[in-house]
Structures are given as structure tokens and as C-alpha cells.
1. Any chance you could count how many residues in segment 86-97 are in a helix (DSSP H, G or I) and more than 18 Å from the chain's Cα centre (by Cα)?
2. Taking segment 17-44 as the region of interest, how many residues are under 21 Å from THR99 (Cα atoms) and at pLDDT 85 or above?
3. Mind listing whichever residues of segment 23-58 are assigned to a helix (DSSP H, G or I) and either on the phi > 0 side of the Ramachandran plot or not aliphatic (A, V, I, L, M) (or both)?
4. Look through segment 125-139, keep the residues that are out of contact with any Phe, Trp or Tyr (no Cβ under 9 Å at 6 or more places or on another chain) and assigned to a helix (DSSP H, G or I), and return whichever of them is surrounded by the most Cβ atoms within 10 Å (Cβ to Cβ).
5. Just give me the residues in segment 173-186 being surrounded by 22 or more Cβ atoms within 10 Å (Cβ to Cβ) and either at pLDDT 90 or above or closer than 13 Å to TYR63 by Cβ (or both), in sequence order.
6. Which one of PHE15, PHE6 is crowded, with 23+ Cβ neighbours inside 10 Å and aromatic (Phe, Trp, Tyr)?
7. Find the residue count for segment 62-79, including only residues that are crowded, with 22+ Cβ neighbours inside 10 Å and in a loop (DSSP other than H, G, I, E, B).
Amino acid sequence: MDGLTFWGIGVFAAFCVGLGKGGVPVITAMAVPMMSLIMSPITAAGLLLPVFIAADVLGLYAYRKVFHARVLKIMLAAMPIGVFLGWATSAYVSEAFVTLIIGVIGVSFALTMILRQQVTGPPVYPRLVPGVFWGAVSGFTSFVSHSGATPYQVYTLPLRMDKITFVGTVTIAFAYINIVKLIPYYALGQLDAGNMQAAAMLLLPAALGVICGVRLIRIVPEQVFFRVVIWALLILSTKLIWDGATALLIT
């Protein structure tokens, strides 16, 4: 793969990371699969993690005053548990199987939300036990298969936050979990000097993506925003089922 191809895909992937951190639903999940076209998924995840964190800083600034405090408290306590479990079991857990299961959960949830045809309404109080469960699952799948958004949304979409609060909360939660993931990723040797140098070159398109994402989200109608979130979740989860099933059949 030549240098032009690498940087072309890398710049677009970094821009997608920025768009996601600016609030565009699910698009961040495209980044690692995109980079996996030209390198191993593990190397791609290690290379992009500093880009995620740099984009997180801008996202945190943009949404620093708008978030759901109770949801954040639950997520910030539960998600590191899942990351630790993912790291502790990394030698034994099948990434393909986890990807398949999370895809099935995501498709089932998205279809349920679509059939209900009500994506906005009065806010729902976040319950602790489901939040701890889905937060831990989100941390685990974020570490194992880079699909933490699916279980997170299973918990948060039914809470019916307004769109800006929803975006601010998810931005802060995943900025936090990306920092937590630095420790096990470093221990697994995914943050070498070559990856860090390449990541530094991708910071500008990521920053531009954040700016575009923040501006776009503020003009999209709330009903449209949440319908896009649910349909994006359905598409992403369908892809997870395909990826997981394909990997299991090959092995």
C-alpha cells in the first residue's frame, strides 16, 4: 500500500473521528474499519487512539457545560470495570464472538425503537443497575472490539435526553474511557513511536471534523437527529453481525 493511499484513508478516517466527537451519530465507528483496509485492526486502533483523544479535547470544550450529570456519574464508574475485564481476558475472549453478540443486541434494540416510532418525549430518570450493567458492557466492548457505542446507546436512548445533552454526555463519557484505555493499550504495545508520529499528522483533519460536527448538530432538528442515531445504530449493528459471523466462520 503506497504512502498516498495511506494518507488519503488516514485523513478521511481522522476527519470522521472529529465529526463523531463533534456529535455526528456513529460515524466515529467507521474510522478503525477504514484504517483496517491498509493495516491490522490492532495497529489501526493503536494509531487512532491518540487521534480520538485529541478530538476528545475539542469535543469536551464544545460540550463542557451541557451533559446529564447522573448518567455521567454512572458511566464513569461502570465503564472502567468493563475495560479492566477486557484487558484481563484479552487472551481468552473471542473478539469475533463479542462483535456478533453486540451486533445482535444493537439490531434488536434499534428495530424496537423504530417500531415504537417515538424517539422524543418526556425525560426518563436513569436507573442505576441497568446503567452499571450497560456501562460495564460498553467499556468491555470498547476495549475488545471498538464497539462501545452500541451498549451505551441501548441504555441512553430510552432516557430521551435533548440532542445537545445527549451529544455532550456521550462525548464526555467516551473521552474519559479513551484515557482509561491508554494504560492497557500501552501495556499491549499498541502505542509505539511510529504510530504516535503518524497520529500527530492526523490531528488537523480530526480538529476540522470536530468543528464541522458541532456546527452541523446545532442546526439538525431534534426529531431528525434521533432518527438518524437509531438508523445509524441499526446499520452499524448489522455490520457488526456480518463482521463477527464472517470471522467465526473463517476460524
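1. 2
2. The qualifying residues number 2.
3. Passing the criteria: THR28, PRO33, PRO41, THR43, GLY46, PRO50, PHE52, ASP56.
4. Top of the filtered list is ALA136.
5. ALA173, PHE174
6. Going through PHE15, PHE6 in turn, the sole match is PHE15.
7. 2
The values are calculated or read from the model by the stated rules, or taken from the named source; none is laboratory data. Just so we're clear, the structure is a prediction, and the values are computed from it rather than from any experiment. Neighbour counts are summed over all protein chains in view; Cβ atoms, including those assigned to glycine, are modelled from backbone coordinates with ideal geometry.
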